[in-house]
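Report on the following structure.
Since every read-out is calculated from the coordinates, none of them should be taken as a lab result. Since the model is a prediction, treat every value here as computed from it, not as a measurement. Cβ sites come from the backbone with ideal geometry, for glycine too, and all protein chains shown count toward neighbours.
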Amino acid sequence: MRRFKEFIIEKIILLSGFACILFVILIFFFLAKDGLALFKFSSPWNFLFGTLWSPLSEPPQIGILPLFLGSLIVTIGAAVISVPLGMACAIFIAEIAPKWMREILKAGVELLAAIPSIVIGFIGMTMLSPIVKHIFHLPTGLTALTGSIALAFMAIPTMVSIMEDSISSVPRIYKEGSLALGATHWQTIYRVIIPAASSGIVAAIMLGIGRVIGETMAVMMLTGNASVMPHTILAPVRTMTATIAAEMGETVRGSEHYFALFAIGLVLFGITFLINFLADMARHRKNK
């Protein structure tokens, strides 16, 4: 009976793994079915590198370069903020904080990850946006910088959790050997522990970036939704995810606009798939 139960559990786990792969493939074909239909009306070059997004004009202008650059600026800004803060938090939790504080901080970080994005967006609109407007003397506080700051704090819990696990999993003998050779605690952290945990740290950064680039509600509320070519992080922008969320309910099924939104989803699928693939490669890379 015990062997029979183990056999059933193994097969359920196996089927679950195949089901996850099947779902990803079905999502891809669902997006590709309508997304690739756009190229009956527009060339891939005009779609990817066109500088004007005006799908309701005559003729429709379907160029996602402003949307892609808006997503890129917000993502880079969020990464610049979240990576150093996430690294510092993970090191403090794993190596410096006393045990009682470590448990409290880990629970707090996990609770931060559970905050809905629309709550972050609401807080950003009411508190962060006026601050950005006042500091930089802007006509509006809804800019790429505002979105980057909000998304950074959404990505930090993911990064901290994975980085802390990676740092804590470094064999204790590495730390003891470094201290025995006369290195200080800080020298051991940045010369021994961090290089040994580099695979997990890189994976954490990539997964955090994947979270940022796929975020919708917060960026739609905080970035200004201006579908123009961005020239500075202090200007309003529109991201690809916000475009899909804002316009999908207004499109005519089977129209060029409808197919363009699915094509944007296909581009996002490719970007997030690549990011997660690189994160998985980094996580499983063997250190020398």
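Which value, in debye to the nearest 20, gives the size of the charge dipole of the chain about its Cα centre, when Lys and Arg are +1 and Asp and Glu are -1 at the Cβ?
Taking the Cα centre of the chain as origin, the dipole is about 900 debye.
Which whole-Hz ³J(HN,Hα) couplings does the stretch 189-194 yield from phi under the Karplus relation 6.51 cos²θ - 1.76 cosθ + 1.60, θ = phi - 60°, glycine and proline marked x?
5, 8, 9, 10, 5, 5
Roughly what angle does helix 2-35 make with the longest principal axis of the chain, taking Cα atoms, 0 to 90 degrees, to the nearest 10?
30
What are the ³J(HN,Hα) couplings of the stretch 69-83, residue after residue, when phi is run through the Karplus curve with 6.51, -1.76, 1.60 and θ = phi - 60°? Round to Hz, x for glycine and proline.
The phi angles translate into 5, x, 4, 5, 5, 5, 5, 5, x, 5, 5, 4, 7, 7, 5 Hz.
Working from the pairwise distances between different alpha carbons, so that the mean of 1/r is found and then inverted, what is the stretch 44-284's Kirkwood radius in Å?
19.5
Taking the dipole about the Cα centre of the stretch 44-284, with the C-beta of Lys and Arg at +1 and of Asp and Glu at -1, give me whichever of S198, L111, S57 is farthest to the positive side.
S198
So how tilted is helix 198-213 from the main axis of the chain? Cα-based, degrees 0 to 90, rounded to 10.
That helix lies at roughly 30 degrees to the long axis.
Long-range amide H contacts for W53: which residues qualify at under 5 Å (H placed 1.01 Å from N, peptide plane, sequence gap of 5 or more or a different chain)?
G63
Distance between the C-alpha centers of the stretch 172-233 and the stretch 87-103? Whole Å please.
So the separation of the two Cα centres works out to 16 Å.
How tilted is helix 99-113 with respect to the longest principal axis of the chain? Cα atoms for both, answer in degrees (0 to 90, nearest 10).
The helix 99-113 is inclined about 10 degrees to the chain.
Spelling out what I want: for every residue of the stretch 156-165, take phi, set θ = phi - 60°, compute 6.51 cos²θ - 1.76 cosθ + 1.60 (Karplus), and round to whole Hz; glycine and proline get x.
4, x, 4, 4, 4, 4, 6, 4, 5, 4
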